[in-house]
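Written below as structure tokens is the structure these notes are about.
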């Protein structure tokens, strides 16, 4: 349990930062200060803010703090006289004990236990739904014209339950680069599959879970979908009435009962000639959920541009302020820590933006700079999705969106992570900024888990705005082996109550990461033209429209 610090510990004063960033200091450009970054980080991750959970008191306290600090930093509201942008969210909790949902084959019930075998919830914020819908296997559930792929061809799934695999169609010897080869595309993300099923008019979706295809155990799915409240946008982008997952074992039993061989269907689904197949089963009964409406807020403030024409265009710096809040577990012992403080994820990015804003306000650029703290990222990028649907600044005049999520708490590095920047002209700009800071861009790794689609920048990319997240480097300057071990040790703390602030942290790497982001943002803000997507990139099409 993280206690509020009694005094701010600053390991590097302004003088040391001037030495660290001589180019900025010499030219009077903004230099991100470590002391305010550390102070914000310590407070935001303290027990006072109760883990900043969506729909909890800690969220309200966080929003009040951020708007106060935005005013103090010298930011101006982007729309009207408020820093707040309302995000309407529905909290949903499945009620299996009150539901009668079951799958039948030939009038007989296929035994499926909620939790061990399958999980489900409403996808449209409606508390009660009644089903009498046939199940249809649609392979990967993908419609990708650029790949010549359509798993829904020749079938009408309106009012039906579509059952599908997660991940992408796999590369073959003949087509080693289809669907980006080994890397995961957005078509492989479960969020896309829910969205496409909605577009096809399906009444529900069941995703077949395997650890290799999902990249995590069934226990992760089970804990997220059973017993705990989940959140979705309430006033737009409603999903199908039913959304859920089913284990591989349960799916095999279900398909076999309907006279189908799941493995044989999976093999056929690896071909673009695949045709959807009726499972021979029907989902029947009533599904009930507890639904409540929650109002959360994005916080946005701007530094107006100085150029008479370019000030109408903007650069966005974003980071999510929420974490998992307070969550009591059934097996908790008396006095157990139930606060998920989220120091690294993402009090660090939230604090980084505050420290950047404080300096950017003193050094306006030609284009407007917007600092955006978004809500409910941990619930599925909800705050950034809400912004993209109702932007405070026109998206076609938004030059770039640079996102910070989980900053480097270990120490300074010789490199910086810019995965995803290569999709746009931001890649070359990022390399130039890194070189000016005596750094280099970290070598790209195959995006096997679809990391590009799991942070807030992706809401902007989907809307056509060049965007990526700036990640910490891996080439540590001080004691490289011990630093790598310290970074790796964060893995078991991720999304646990142990992600707490430590006053002994060396924040030189965190400050460096924030400085690089601000430098890149200012380079974009002062450039002759807005950066463009690389030719042929799927997300560039939205910009063209």
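Values quoted throughout were computed directly from the atomic coordinates according to the rules given, and no laboratory measurement underlies them. Quick caveat, the model's predicted, so the values are computed rather than measured. Backbone-built Cβ (ideal geometry, glycine too); neighbour counts: all protein chains shown.
Tabulated data for the structure shown
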| read-out | value |
| --- | --- |
| Percent of beta bridges antiparallel (DSSP, the chain, rounded to nearest 5) | 60 percent |
| Crossing angle, helix 508-526 versus the chain [Cα axis fit, 0-90 degrees, rounded to tens] | 90 degrees |
| For segment 338-403, alpha-carbon Rg relative to the globular expectation (2.2 N^0.38 Å, N residues) | 1.28 |
| Isotropically averaged projected area of the chain, using the convex hull of Cα atoms (one quarter of hull area), nm² | 25.4 nm² |
| Per-residue Cβ neighbour rank within 10 angstrom, fewest leading, 377, 195 | 195, 377 |
| 222 nm mean residue ellipticity, helices alone, for the chain (DSSP H n ≥ 4; -39,500 (n - 2.57); rounded to 500) | -8000 deg cm²/dmol |
| The chain: angle of helix 349-360 to the longest principal axis, Cα-based, in degrees nearest 10 | 40 degrees |
| Shape of segment 410-545, Cα gyration tensor, a/c cut at 1.5 | prolate |
| Efficiency of FRET from Cβ geometry, residue 284 and residue 440, R₀ 41 Å, rounded to 0.05 | 0.10 |
| Rg/Rg_ref, segment 74-125, where Rg_ref = 2.2 N^0.38 Å and atoms are Cα | 2.16 |
| Hull shadow area, averaged, segment 92-291 [alpha-carbon convex hull, nm²] | 10.7 nm² |
| Segment 134-236, relative contact order [Cα under 8 Å, separation at least 6], % | 27 percent |
| Relative contact order computed over the chain (Cα-Cα under 8 Å; 6+ residues apart), in percent | 20 percent |
| Cα-derived Rg over Rh, computed across segment 133-183 with Rh taken as Kirkwood radius | 1.04 |
| Scattering profile of segment 138-237 at q = 0.14, 0.22 Å⁻¹ [log10 I(q)/I(0), Debye over alpha-carbon scatterers] | -0.61, -1.27 |
| Per residue, the convex hull volume that the Cα atoms of segment 474-545 enclose (Å³) | 189 Å³ |
| Full-extension gain in nm, residue 481 to residue 97, via 0.36 nm per residue minus C-alpha separation | 133.1 nm |
| Prolate/oblate/rounded label for segment 465-511 (Cα gyration tensor, a/c 1.5) | oblate |
| Spatial extent of segment 327-483: Rg and Dmax, with the Cα atoms as the point set, Å | 17.5, 56 |
| Rounded FRET efficiency, nearest 0.05, which uses the C-beta distance separating residue 336 from residue 307 and R0 of 56 Å | 0.50 |
| For segment 239-393, the fraction of alpha-carbon pairs in successive 5 Å shells from zero, as % | 2, 7, 10, 11, 11, 10, 9, 10, 11, 8, 6, 4, 2, 0 |
| Relative contact order %, segment 88-184, counting alpha carbon pairs below 8 Å whose residues are six or more apart | 19 percent |
| Over segment 207-298, equivalent-ellipsoid semi-axes from the Cα gyration tensor in Å | 30, 16, 15 |
| FRET efficiency, residue 47 to residue 275 (Cβ-Cβ, R0 60 Å, nearest 0.05) | 0.60 |
